[in-house]
Amino acid sequence: MEISTQPPRGTSDILPGQSDDWQRLESLAKTHLQRAGYKEIRTPTFEHTELFKRGVGETTDIVSKEMYTFSDKSDRSLTLRPEGTAGCVRAFLNAGLHRQSPPVKLWYQGPMYRYERPQTGRTRQFHQLGIEAFGSQGPLIDVEVIVVASDFLKALGIEDFEVQLNSLGDAACRPAYRELLREKLRARLDKLCADCRDRFERNPLRMLDCKVPTCQEQYKDIPSAIDHLCDDCKTHWLKLVELVQAQGIKPVINPRMVRGLDYYTRTAFEFVAKDSRLGTQSSIGGGGRYDKLVEMFGGPPTPAVGWAFGVDRLLMLLPDKSLSALPVFVVSSNPQAALATATELRRVGIQTELDFAGQGQAARNFSKQIQQANKLQASYVVILGEDELAKGEATIKDMKDGSQKVVSQSELASYLGKVILE
Ligand code: HAM
């Protein structure tokens, strides 16, 4: 069989022209999250299958339909991580981070795997950027994680999004709400889709965010979880809404948003962007509180809250998808001199390019070289013509306003360093 150059279905290559945007997002994420006190954690891309089964929940689509599970040569059942939270909790406990003074704030990024039907904005290998904050119970930290996310989106230049908010209750109030749902919906089962009928027994809350319009029709008059919270959950919820608003965010309360993972307690939120570039995948990120997960993994009671964004989806929304501008392009009649100058500028930290399209020893004519500089969106062009080379000088052309300045070659690097790097 011939080797196919196509990547596996639902995956893609990140090509040179695209990796600039990835790097820009990654470096912005790093500064932004570290500024808010989050420290990076890197966990394995595969874990014991049990971790996700128990952590994410047997009844979720992720666990029941979408996991990449395999046995290794020692017959261990392993799964490519479908999300980052379960692995973070495992690592948090394994490294004894629960003994550090709270909150312990972590961030992560990397590929995740879900066997879903690929479409615009939905792939089988995708990338998440996430944060998890362990050890704080009050709504203030829920608000911090939401504000950090919202500010990060704005720093990326993504302004057009909605923060949807809901409360899913906890072990004290959710069972009664679940029963209430069953009670109300039992008589309507024959009008619901097969997935909803299945969820009725296993996880009735998930019925509420079904995308099938005829099902939504049946859920119109169904009471929301927010109206059936116990006193503690209600206090948390009311304070959360108040604090989020005080931070200048106008949340959209969405009682139908229940999230696709089982570990949530109380707060659940989703960042939604209605943008045609995302196809039907309008959720760019989501998260919430998961106060019982650490305990479920054998740790001490530890409240926690976090989110993850789909990096692939964020990149589809970046306003300026053009190549990042190049600071300097060197144009010269002498290719060796151009390379020597480019090297000198690179050594002081300035990204610099030169023309490589000349034949043999000869450089291309100046206008062709300038065309190349324009194509790369160079901010400055350094010109080393016969004249300049003879006098030991260089002409610097500012490509934005066309102004020119002549400096000695010995001062070129320090001059441009000041203009570009400071
Ligand atoms: P999630 O909502 O399953 O949450 O995924 C978070 C984000 O990952 C989604 O909003 C979406 O942007 C992206 N995403 C998910 N599946 C795909 C896919 N097949 N293709 C492209 N992008 C996708 C979680 O994973 C939770 N662990 C978030 C969290 C962290 N909750 C608390 N802490």
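The values are calculated or read from the model by the stated rules, or taken from the named source; none is laboratory data. Please read all numbers here as calculations on a predicted model, not as lab measurements. Heads up, the Cβs are rebuilt from the backbone with ideal geometry, glycines too, and the neighbour counts pull from every protein chain shown.
Quick notes
- The set of residues from the stretch 147-180 being part of a helix (DSSP H, G or I) and touching a strand residue (DSSP E or B) at 6+ places or on another chain (Cβ under 9 Å) comprises Val148, Ala149, Ser150, Phe152, Leu153.
To keep it simple, each residue is scored yes or no on (1) in contact with a strand residue (DSSP E or B) (Cβ under 9 Å, 6 or more places away or on another chain); (2) of a type in the set (Ser, Thr, Tyr).
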residue	(1), (2)
Gly349	no, no
Ala362	no, no
Ala373	yes, no
Gly385	yes, no
Lys391	yes, no
Ile396	yes, no
Ser408	yes, yes
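- Those residues of the stretch 200-214 which are modelled with pLDDT of 90 or more and of a type in the set (Lys, Arg), in sequence order: Arg206
- Close pairs from the stretch 86-97: first assigned by TED's automatic domain parsing to the domain that holds Asp291, partner within 14 Å of the ligand (Cβ to nearest atom) and hydroxyl-bearing (Ser, Thr, Tyr), Cβ under 6 Å, at least 6 apart: Gly87/Thr43; Ala91/Thr43
- Selection within the stretch 130-147: residues that are β-branched (Val, Ile, Thr) and more than 9 Å from the ligand (Cβ to nearest atom). The member of this set that is farthest from Asp275 (Cα to Cα) is Ile141.
- Residue ID - nearest to Val145 (Cα to Cα), chosen from residues in the stretch 253-305 that are within 11 Å of the ligand (Cβ to nearest atom) and in a helix (DSSP H, G or I): Leu293
- Any hit, the stretch 120-129, residues being away from the ligand (no atom under 12 Å from the Cβ), at pLDDT 95 or above and either of a type in the set (Val, Ile, Thr) or not in a strand (DSSP E or B) (or both): no
- Taking residues in the stretch 71-84 that are over 14 Å from Thr43 (Cα atoms) and of a type in the set (S, T, N, Q), and partners anywhere that are within 16 Å of the ligand (Cβ to nearest atom) and not in a loop (DSSP other than H, G, I, E, B), not one pair has Cβ atoms closer than 6 Å while being at least 6 places apart or on different chains.
- Any hit, the stretch 80-100, residues being over 17 Å from Gly310 (Cα atoms), assigned to a loop (DSSP other than H, G, I, E, B) and either touching a Phe, Trp or Tyr at 6+ places or on another chain (Cβ under 7 Å) or not hydrophobic (A, V, I, L, M, F, W, C) (or both): yes
- Answer residue from the stretch 133-150, given it is of a type in the set (A, V, I, L, M) and surrounded by fewer than 20 Cβ atoms within 10 Å (Cβ to Cβ) and is farthest from Val104 (Cα to Cα) among those: Val147
- Conditions (1) assigned to a loop (DSSP other than H, G, I, E, B); (2) touching a residue at least 24 places away in the same chain (Cβ under 8 Å); (3) not polar (S, T, N, Q); number of the one not met by Leu205: (1)
- Any hit, the stretch 23-30, residues being away from the ligand (no atom under 15 Å from the Cβ), part of a helix (DSSP H, G or I) and among the acidic types (Asp, Glu): yes
- Criterion (assigned to a helix (DSSP H, G or I) and under 30 Å from Pro301 (Cα atoms)) met by exactly one of Glu144, Glu183: Glu144
- Options Tyr68, Tyr108, Tyr113: the member that is within 16 Å of the ligand (Cβ to nearest atom), modelled with pLDDT of 95 or more, more than 15 Å from Thr43 (Cβ to Cβ) and within 25 Å of the chain's Cα centre (by Cα): Tyr68
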